[in-house]
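Only one structure is covered here, and it is reproduced in the block below.
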Amino acid sequence: MNLFQKRVPILYNLQVGPVYFKMGLAFPELAEKARPGQFVMVKPNERLLPLLRRPFSVHCPILEDGQVQGFELLYKVVGQGTGAMSEMEPDDELDVLGPLGNGFSFPQEVRHAYLVAGGVGVAGLYYLGLYLQKMGRSRSTVFLGGCSAADILCREEFESMGAKIWVTTEDCSLGEKGLVTSMVENVLKDNGKPDVIYACGPQAMLKAVRDLGVAHDVRCQISLESVMACGFGACLGCAVERAGNPGAYLHVCTDGPVFDSRAVAM
Ligand code: FES
């Protein structure tokens, strides 16, 4: 396993929305090994709460003149740890462990993929979109959903890839009004089904994606979010129940975070 841990300097920490930030980390050896869907565990500071590391998806590698300089996180400020991160500046250091987890898989037969993101769930899906574009054998249709316009992230980045993009917000401040999964259902009915659906977002959204996959006979890979204390299978705090096997568990950090949607009970 290619696993790295060290304190690394921050390259930049840019606010990209009311509660959203992009942070560049100078960790090229980790960036070169990380696959779309994998995550890192980050601990901002030994003296600051929380004491435990927190998981973040690898958003994308940072390239300069074709050389990998590090990787980027896209994160939402939701508590003490991310609040502390949002106040950090270039050259401050973070303790980073990774890459962890399994990441998305890319079956040979995939020619058309749906990427379905709820809010900051787009963090790992953007890297997936870059990867699919680089492989050059599949096209992507991207669905971005959020409560309001401020939660719609990476739209321009996906546009620059040439992906077809559908946007929904629950308050109708951008795109169509409603849930992103309603838009997925409409497009599935009108435009035909893709070979695979990749999704990351809130649990209710992932469950709806799973149900759409079953109804339309499309395989879905869903990236689960979970509270994680260790990130590598030691604390057993990220257990989720196996589908069809009550009492048997999978671990989001080591068996996931990406699962076939039929594998986990939701
Ligand atoms: Fe500790 Fe998964 S986070 S076992």
If you plug each phi of the stretch 35-44 into the Karplus form 6.51 cos²θ - 1.76 cosθ + 1.60 with θ = phi - 60°, what whole-Hz ³J(HN,Hα) values come out, in order, with x for Gly and Pro? 9, x, x, 7, 9, 10, 9, 10, 10, x
Would you kindly derive the ³J(HN,Hα) couplings of the stretch 22-31 from the backbone phi angles with the Karplus curve 6.51 cos²θ - 1.76 cosθ + 1.60 (θ = phi - 60°), listing them in order in whole Hz, with x for Gly and Pro? 10, 10, x, 10, 7, 9, x, 5, 5, 4
Select from V187, H216, W166 the residue farthest towards the positive end of the dipole of the stretch 165-264; place +1 on Cβ of Lys and Arg, -1 on Cβ of Asp and Glu, and compute about the Cα centre. H216
Write down the percent of antiparallel bridges among all DSSP beta bridges whose residues are both part of the chain, to the nearest 5. 60 percent
Mean residue ellipticity (222 nm) of the chain, computed from DSSP H runs ≥ 4 via -39,500 (n - 2.57), nearest 500: -6500 deg cm²/dmol
Cys with no candidate disulfide partner in the chain (beta-carbon separation under 4.7 Å rule): C60, C147, C154, C172, C200, C220, C238, C253
The stretch 180-266: Rg/Rh from Cα coordinates, Kirkwood Rh? 1.02
What number does the stretch 88-138 give for Rg over Rh if you use C-alpha atoms and the Kirkwood radius? 1.09
With angles folded into 0 to 90 degrees, how steeply does helix 180-191 sit against the dominant principal axis of the chain? Use alpha carbons for both and round to 10. 40 degrees
Extending each Cα 7 Å along its Cβ direction at E241 and N2, get the distance between those two points in nm, one decimal. 3.8 nm
Order the peptides 225-233, 64-72 from the highest to the lowest mean number of other Cβ atoms within 10 Å of their residues. 225-233, 64-72
Hull volume in cubic angstrom per residue (convex hull over the Cα atoms of the stretch 120-221): 93 Å³
Once amide hydrogens are built 1.01 Å from N within the peptide plane, the residues lying 5 or more places from F27 or on another chain with amide H under 5 Å from its amide H are G70, F71
Would you pull out the residues with amide H under 5 Å of S138's amide H, same chain only if 5 or more places away, H placed 1.01 Å from N? none
Please give the length that would be gained between M161 and E87 if that part of the chain were fully extended, namely 0.36 nm times their separation in residues minus their C-alpha to C-alpha distance (nm, one decimal). 23.5 nm
For V196, what residues show an amide H to amide H distance below 5 Å, using hydrogens built from the backbone and excluding near sequence neighbours? H112, Y114
Dimensionless Rg/Rh of the chain, both radii on Cα and Rh by Kirkwood, sits at 0.95
Need the C-alpha centroid separation for the stretch 148-216 versus the stretch 222-266, integer Å. 24 Å
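The numbers here are math on the coordinates, done by the rules we state, and not lab data. Small disclaimer: the values here were computed from a predicted structure and weren't measured. Heads up, the Cβs are rebuilt from the backbone with ideal geometry, glycines too, and the neighbour counts pull from every protein chain shown.
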